[in-house]
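The values are calculated or read from the model by the stated rules, or taken from the named source; none is laboratory data. This one's a predicted model, so the numbers in the text were calculated from it and none came from an experiment. Methodologically, a virtual Cβ is constructed for each residue, glycine included, from the backbone with ideal geometry; neighbour enumeration extends over all protein chains shown.
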Amino acid sequence: MTPKVVISIGRQYGSGGRILGSTLAKRFDIKFYDNEIITEAAKNSGFDEKIISQKDEKPVSSTFFNSIQHIISGNDSVISDENIFKIQSQAIRKVAAENSCVIMGRCSDYVLRDYEYCVSIFFWAPMEDRIRRVLERKNIDDKEKARQLIEKEDALRAKYYNYFTGKTWGEAKSYNLCVDVSMLGLEGTADFVCRFLKIKFGDLLTDKYSVYE
């Protein structure tokens, strides 16, 4: 059986990482999983998708808070952050076994740490570049508001990742490859990463748009 290649992507908010993940999936004609992991996790576990979505890549609540939440809501469907992580991890392992794919975040690099054909990539960019991208893509017209949004989202991602992996979010040694998107832009970065992945995986991946195949 031909091995399935998994590209796990972490990214700073506003770096263009999601666009790059989607681009890589299209160029290699493989599956792309972002919020689709939530759908898979709900389908496999039987829990409501909204419940999983509410805690998706959110910092872990205290056991005390979870207990109070359960009592107040009177809802047996309230499940712990750790269980949500386990459910999502099971979904990640399942899709990785079934398809070559790109998986956005959700500690997928850690979940698949023992999988030979998984490569982890982290995309980052200088703050000014990220502010510009957020201003262009979001309904925000103030640089300081954009900066605050970026810092908030990065802090949430870091706290979640650090808690569940024991590694440091965004630190180079936590990943196989870290790329400053501002150096080559989105298109140039996609070309660079595709070439890197072709060197790494050879005939297991075919870049539909590359002149280097």
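From the list Leu184, Leu197, exactly one residue is out of contact with any strand residue (DSSP E or B) (no Cβ under 9 Å at 6 or more places or on another chain) and either of a type outside the set (D, E, K, R) or part of a helix (DSSP H, G or I) (or both). Which is it?
Checking each option against the conditions leaves just Leu184.
For the stretch 130-179: of the residues being without any contact (Cβ under 8 Å) to a residue 60 or more places away in the chain and acidic (Asp, Glu), which is farthest from Gly14 (Cα to Cα)?
Out of the qualifying residues, it is Glu171.
Look at Asp180 and say whether it is charged (D, E, K, R), surrounded by 15 or more Cβ atoms within 10 Å (Cβ to Cβ) and closer than 19 Å to Gly16 by Cα.
Considered against the rule, which asks whether it is charged (D, E, K, R), surrounded by 15 or more Cβ atoms within 10 Å (Cβ to Cβ) and closer than 19 Å to Gly16 by Cα, Asp180 comes out as no.
Quickly run through the stretch 30-48 and pick out the residues that are outside any loop (DSSP other than H, G, I, E, B) and surrounded by fewer than 16 Cβ atoms within 10 Å (Cβ to Cβ). Lay out the reasoning, then the answer.
Restricting attention to the stretch 30-48, the residues satisfying the condition of being outside any loop (DSSP other than H, G, I, E, B) are 31-33, 36-45.
Answer for the stretch 30-48, where residues must be outside any loop (DSSP other than H, G, I, E, B) and surrounded by fewer than 16 Cβ atoms within 10 Å (Cβ to Cβ): Glu36, Thr39, Lys43, Asn44.
Taking the condition on the phi > 0 side of the Ramachandran plot, small (Gly, Ala, Ser), modelled with pLDDT of 95 or more and surrounded by fewer than 20 Cβ atoms within 10 Å (Cβ to Cβ), does Gly105 pass?
On the way: on the phi > 0 side of the Ramachandran plot: yes; small (Gly, Ala, Ser): yes; modelled with pLDDT of 95 or more: yes; surrounded by fewer than 20 Cβ atoms within 10 Å (Cβ to Cβ): no.
Judged against the criteria, Gly105 is not a match.
Here is a list: Leu156, Leu135. Which entry is hydrophobic (A, V, I, L, M, F, W, C), out of contact with any helix residue (DSSP H, G or I) (no Cβ under 8 Å at 6 or more places or on another chain) and farther than 22 Å from Arg93 by Cα?
Residue meeting the stated conditions: Leu156.
Look at Ile84 and say whether it is at pLDDT below 95, buried (at least 20 other Cβ atoms within 10 Å of the Cβ) and under 21 Å from the mean Cα position of the chain (by Cα).
yes
Specify which of the listed residues (Ala190, Ala172) is of a type in the set (Gly, Ala, Ser) and surrounded by fewer than 18 Cβ atoms within 10 Å (Cβ to Cβ).
Ala172
For the condition surrounded by fewer than 14 Cβ atoms within 10 Å (Cβ to Cβ), within 19 Å of the chain's Cα centre (by Cα) and modelled with pLDDT of 95 or more, what is the one hit in Arg27, Arg113, Arg11, Arg18?
Working: Arg27 fails: surrounded by fewer than 14 Cβ atoms within 10 Å (Cβ to Cβ); Arg11 fails: surrounded by fewer than 14 Cβ atoms within 10 Å (Cβ to Cβ); Arg18 fails: surrounded by fewer than 14 Cβ atoms within 10 Å (Cβ to Cβ).
Exactly one residue qualifies, and that residue is Arg113.
Across the stretch 14-51, what is the total count of residues that are under 14 Å from Arg106 (Cα atoms), in contact (Cβ under 8 Å) with a residue 60 or more places away in the chain and of a type outside the set (Val, Ile, Thr)?
6
Hey, can you tell me all the residues within the stretch 116-129 that are touching a residue at least 40 places away in the same chain (Cβ under 8 Å), more than 20 Å from Pro3 (Cβ to Cβ) and either aromatic (Phe, Trp, Tyr) or surrounded by fewer than 20 Cβ atoms within 10 Å (Cβ to Cβ) (or both)? Full working, then the answer.
So the first thing to find is which residues in the stretch 116-129 are touching a residue at least 40 places away in the same chain (Cβ under 8 Å), and the list is 116-126, 129.
Those still in the list that are more than 20 Å from Pro3 (Cβ to Cβ) too: 122-126, 129.
Across the stretch 116-129, the qualifying residues are Phe122, Phe123, Trp124, Pro126, Asp129.
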